[in-house]
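> Take a look at the following structure, please.
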Amino acid sequence: MGPMTETTGALVLFSGGQDSSVCLAWALDRFPRVETVGFDYGQRHGVELEARARVRARIAEDFPAWSNRLGPDHMLEMRGFGDIGETAMTGERAFEITAKGLPSTYVPGRNLVFLTYAAALADRRGLQALVGGMCETDFSGYPDCRRDSIDAMERALNLGMAQDFRVETPLMYLTKAQTWALAKGLGGEELVELIVEDSHTCYRGDRDERHAWGYGCGTCPACELRARGWEGWVAEDRPVLRPGAAPA
Ligand code: ZN
């Protein structure tokens, strides 16, 4: 059964970062109707939020096959949740590894809360797939990124909302290098260039310095991960990963 016959539409959890930009392209390739949702939980900077608008606009402009599938963007205000987090992402704590072995950028249960909000919105919008960039491979140790957590969450959402949602995580088992390969498989070098130029990953919100892999401070954990993935992909001669194909 083709994916397009399975559902009516998808809601992409979209932060404007590399991963969620690839997820947006993946959803546009697959679903006839795609909307995006972002969360304002008191990030240190608006850079991420600006990147969202830029990536959406360029995708609509440069990829005509996708532009009529791309529906509205939704922004949900969640500052109260950011207050609970109190971590390096939203407060002023340094980047470090905590006693639990988790990076201080981790906001406890963030993806669980995002998925709950996204599901409520998807219910209202008549969308059945929730698409997120959660990833177990190369990941930063966030327990709510694991597919086990997502499966449990999917079940809870479907029971609690009497729904038939599917939580799609196309990057779950990809390395960061393979995520670049998937971007190329979805939209060619043109999409790779768009993601390099317009998506934003750096925790410090730094867009002064342009590296081969995009803008960022180059030293925070998010920049290091993005740079390492890029270098791995380039070292392998920029391979292509087709959506739906298993990574080599
Ligand atoms: Zn950085």
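> Assuming R0 = 45 Å, what is the FRET efficiency of residue 212 and residue 164, from their Cβ-Cβ distance, to the nearest 0.05? Numbers along the way, then the final one.
Working: r = 43 Å, r/R0 = 0.95.
The computed FRET efficiency comes out at 0.60.
> Length gain on complete extension for the stretch residue 204 to residue 79, per 0.36 nm per residue less the alpha carbon to alpha carbon distance?
Details: separation 125, 0.36 × 125 = 45.00 nm, distance 1.87 nm.
Separation in residues times 0.36 nm, less the Cα-Cα distance, equals 43.1 nm.
> Roughly to the nearest percent, how much of the accessible area of the range 118-210 is carbon and sulfur, given a 1.4 Å probe? Don't skip to the answer; put the middle values down first.
Working: 1710 of 3800 Å².
Summing carbon and sulfur atoms, their accessible area is 45 percent of the total for the range 118-210.
> Next question. Amide H neighbours of residue 12 under 5 Å, counting only residues 5+ apart in sequence or on other chains, H built in-plane at 1.01 Å?
Result for residue 12 returns 35, 36, 37, 131.
> Restricting attention to the range 143-228, which chymotrypsin sites (Phe, Trp or Tyr not before Pro) occupy a DSSP loop and are surrounded by at most 14 other Cβ atoms within 10 Å? Intermediate results must be reported in sequence, preceding the final value.
Working: sites: 165, 173, 180, 203, 213, 215; in loops: 165, 173, 203, 213.
Passing both the DSSP loop test and the Cβ count: 173.
> Quick one: which residues, 5 or more positions from residue 204 or on another chain, have an amide H under 5 Å from its amide H? H modelled 1.01 Å from N in the peptide plane, none for Pro or chain starts.
217
> List the trypsin sites (Lys or Arg not before Pro) in the range 23-86 that DSSP assigns to loop (not H, G, I, E or B) and whose Cβ has at most 12 other Cβ atoms within 10 Å. Which are they? Walk me through the numbers before you get to the answer.
Numbers: sites: 30, 33, 44, 52, 54, 56, 58, 69, 79; in loops: 33, 44, 69.
Answer by residue number: there is no such site.
> Shifting gears a bit: Could you check the spin-label model distance between residue 116 and residue 50? Points 7 Å from the Cα along Cα→Cβ, value in nm.
That separation, rounded to one decimal, is 3.3 nm.
> How far apart, in nm, are the 7 Å Cα→Cβ label points at residue 61 and residue 219?
The two pseudo-label positions are separated by 3.4 nm.
> What's the center-to-center distance, using Cα atoms, between the range 116-187 and the range 20-74 in Å?
Each part reduced to its Cα centre gives a spacing of 15 Å.
> A follow-up question, please. For the range 168-225, which GluC sites (Glu not before Pro) are both in a DSSP coil and crowded by at most 14 other Cβ atoms within 10 Å? It would help to have the intermediate numbers written out before the result.
On the way: sites: 168, 189, 190, 193, 197, 209, 224; in loops: 209.
Sparse-neighbourhood loop GluC sites (Glu not before Pro): 209.
The values are calculated or read from the model by the stated rules, or taken from the named source; none is laboratory data. Bear in mind the structure is a predicted one, so any value in this text is a computation, not a measurement. All Cβ positions, glycine included, derive from the backbone under ideal geometry; neighbour counts span all protein chains shown. Each accessible area value is taken on the protein alone, full model and side chains, heavy atoms only, with ligands, DNA and RNA left out. Shrake-Rupley method; radii C 1.70, N 1.55, O 1.52, S 1.80 Å.
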